[in-house]
1. Taking ASP196, is it under 29 Å from GLY11 (Cα atoms), at pLDDT below 95 and acidic (Asp, Glu)?
2. Six or more apart or on different chains, Cβ atoms under 8 Å: show the pairs whose first residue is in the range 74-86 and free of Cβ contacts under 8 Å to residues at least 12 places away in the same chain and surrounded by fewer than 15 Cβ atoms within 10 Å (Cβ to Cβ) and whose second is in a helix (DSSP H, G or I) and among the aromatic types (Phe, Trp, Tyr).
3. In the range 33-48, which residues are closer than 18 Å to THR167 by Cβ and buried (at least 24 other Cβ atoms within 10 Å of the Cβ)?
4. I'd like the residue in the range 180-202 that is in contact with a helix residue (DSSP H, G or I) (Cβ under 9 Å, 6 or more places away or on another chain) and closer than 18 Å to PRO159 by Cα and, out of all such residues, is surrounded by the fewest Cβ atoms within 10 Å (Cβ to Cβ).
5. Checking LEU58 against (1) under 27 Å from GLN27 (Cα atoms); (2) touching a strand residue (DSSP E or B) at 6+ places or on another chain (Cβ under 9 Å), only one condition comes out false. Which one?
6. Quick check: is even one residue across the range 222-239 over 20 Å from LEU279 (Cα atoms), surrounded by fewer than 22 Cβ atoms within 10 Å (Cβ to Cβ) and acidic (Asp, Glu)?
7. Do we have any residue at all in the range 2-15 that's more than 22 Å from GLU105 (Cα to Cα) and part of a helix (DSSP H, G or I)?
8. VAL39 - would you say it is at pLDDT 95 or above, touching a helix residue (DSSP H, G or I) at 6+ places or on another chain (Cβ under 7 Å) and β-branched (Val, Ile, Thr)?
Amino acid sequence: MKKKAFIAGIGDDQGYGWAIAKALAAQGVEIYVGTWPPVLKIFTQSLSLGKFDDSRKLPDGSLLEIKGIYPLDAVFDKPEDIPQEIKENKRYAGCEGYTISELAEKLKKDLGTIDIFVHSLANGPEASKPLLETSRQGYLAANSASSYSFVSLLQHMGPLMVKGGSTLSLTYIASERAVPGYGGGLSSAKASLESDTRLLAFEAGRKWGIRVNTLSAGPLRSRAARAIGFIDQMIEYSKANAPLAKDLEAEEVGEAAAFLVSSAASAITGITLYVDNGLHAMGVAVNSPSFSTNG
């Protein structure tokens with residue numbers, strides 16, 4: 001029987017979630033995704049019209065097949081949490097059952113169990129603001145969407161997962177290093193996500209026999225990353241300073257993620273795995289004028 005993976009946070013053919021889906025599909029895993037309601041229609045239409053066909057190609061020449069697409073807004077745990085302005089928002093028109101608890105019920109009904117759960121979503125309404133200028137509302141919103149959403153999803157997904165199953169989230173080095181520009185509480189959200197990974201590894205491991213890890217990926221020029229506004233500079237900085245002076249490919253992150261959730265990593269849980277060309281290991285910026293041979 002094929003394994004089943006649910007990946008929360010795919011809304012286009014860019015980003016690490018898509019790369020992870022492809023890497024898992026290449027291993028024969030069935031792929032199901034959760035998509036933010038405001039982009040659900042355009043995502044499904046783009047798929048059906050073949051706009052993603054080039055990026056859907058797997059190593060054997062076949063195309064990534066997404067078995068099911070579910071609406072998901074991971075800042076809402078249950079229907080009564082949805083404010084009236086969201087219910088009346090035209091971007092949510094036609095979408096139902098997109099809270100976390102409703103999603104879990106749908107997956108239980110449709111799939112019964114799942115083997116793999118991947119959390120590939122983050123959002124901060126004030127991400128472009130320095131932390132010193134971030135409001136309480138913006139800070140809490142970033143943590144709700146980017147960190148607590150994983151806790152809540154795991155609460156609901158855990159009972160559906162087979163023993164020996166695996167969960168994975170995506171984090172970023174701003175959780176432990178100062179990255180000016182990565183603001184609005186997003187750095188704090190990633191820090192709590194990593195901390196939660198360790199405790200959830202214990203709790204979910206003892207309760208359901210599943211593994212919990214997070215993957216710290218380097219910068220990628222995805223649509224979501226471009227929204228923050230300085231992704232090009234981060235990519236250039238990484239190439240200039242990382243031990244491996246090259247672009248980080250989404251496929252490299254996808255392959256690492258596929259390993260972490262596979263049986264080959266059956267004794268690995270509670271870790272933060274860095275897939276960033278080694279940038280996390282650096283203590284200084286070697287492209288600094290301080291290191292110039294002409295200085």
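1. Working: under 29 Å from GLY11 (Cα atoms): yes; at pLDDT below 95: no; acidic (Asp, Glu): yes.
In short, no.
2. Listed by first residue and then by second, the contacts come to nothing, as the list is empty.
3. Initial filter on the range 33-48 (closer than 18 Å to THR167 by Cβ): 33-34.
Passing the criteria: only GLY34.
4. THR197
5. Of the numbered conditions (1) under 27 Å from GLN27 (Cα atoms); (2) touching a strand residue (DSSP E or B) at 6+ places or on another chain (Cβ under 9 Å), the odd one out for LEU58 is (2).
6. Checked the range 222-239: no residue is over 20 Å from LEU279 (Cα atoms), surrounded by fewer than 22 Cβ atoms within 10 Å (Cβ to Cβ) and acidic (Asp, Glu).
7. Applying the first criterion (more than 22 Å from GLU105 (Cα to Cα)) to the range 2-15 yields 12-15.
Still in the list and also part of a helix (DSSP H, G or I): 15.
Within the range 2-15 (the criterion being more than 22 Å from GLU105 (Cα to Cα) and part of a helix (DSSP H, G or I)), the answer is yes, since at least one residue qualifies.
8. no
The values are calculated or read from the model by the stated rules, or taken from the named source; none is laboratory data. Keep in mind it's a predicted model, so treat the numbers as computed, not measured. Positions of Cβ are backbone-derived with ideal geometry, glycine not excepted, and every protein chain shown enters the neighbour counts.
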